[in-house]
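Let me begin by presenting the structure, written as structure tokens, before commenting on it.
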């Protein structure tokens, strides 16, 4: 496991060694001795091309996340919502693809979301705190002030009803 720091304090791209053969591939998704973190919940989502999930965060019980695309491809995006951070209000974007061993470690204090860019994408993420629907908040995925260059903007995206109503960052309730 290799941790690649970004300009965002605490945000890391994690790369794993992937073993390929005629059967497919194998890689570890987590090893406590290398990336020590207390995880309490694992989530898996399956999305079709054009689905956007996010940008989500929890207000009082923030979650760190270790995000892995197991199958297909996603454009993963985080927005720093830590008011005291030098990167507050800025986004980080990365393509995660199944079978590559690349992961994104998202510390507490970021809103997280992704867009499925393959016909089907399966995403797994470990969370440091439990999901609480009463604590869940979101930021508008295409907030013009953030300027996130989402792919496929010429196509219709698919959002949940809840995500359609997310406010822009300037109006969001932040921790």
Going by the structure shown, is residue 140 over 17 Å from the mean Cα position of the chain (by Cα), over 30 Å from residue 21 (Cβ atoms) and assigned to a loop (DSSP other than H, G, I, E, B)?
no
For the condition assigned to a loop (DSSP other than H, G, I, E, B) and more than 15 Å from the chain's Cα centre (by Cα), what is the one hit in 17, 108?
17
If residue 155 satisfies every condition in (1) surrounded by fewer than 19 Cβ atoms within 10 Å (Cβ to Cβ); (2) within 17 Å of residue 56 (Cα to Cα) but one, which is the exception?
(2)
From 163, 143, residue being under 22 Å from residue 42 (Cα atoms), modelled with pLDDT of 95 or more and surrounded by 11 or more Cβ atoms within 10 Å (Cβ to Cβ)
163
In the stretch 21-48, anything in a strand (DSSP E or B), touching a residue at least 40 places away in the same chain (Cβ under 8 Å) and more than 16 Å from the chain's Cα centre (by Cα) is listed as 24, 25, 48
Test set (1) more than 16 Å from the chain's Cα centre (by Cα); (2) within 28 Å of residue 132 (Cβ to Cβ); (3) at pLDDT 95 or above - residue 56 fails condition number
(1)
Filtering the stretch 73-83 down to residues that are within 16 Å of residue 29 (Cβ to Cβ) and more than 9 Å from the chain's Cα centre (by Cα) yields 74
Of all residues in the stretch 66-101 being free of Cβ contacts under 8 Å to residues at least 60 places away in the same chain, part of a loop (DSSP other than H, G, I, E, B) and touching a strand residue (DSSP E or B) at 6+ places or on another chain (Cβ under 6 Å), which is surrounded by the fewest Cβ atoms within 10 Å (Cβ to Cβ)?
88
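The values are calculated or read from the model by the stated rules, or taken from the named source; none is laboratory data. Quantities reported herein were computed from a predicted structural model and do not represent experimental measurements. Quick reminder, even Gly has a Cβ in these numbers, built from the backbone with ideal geometry, and neighbours come from all protein chains shown.
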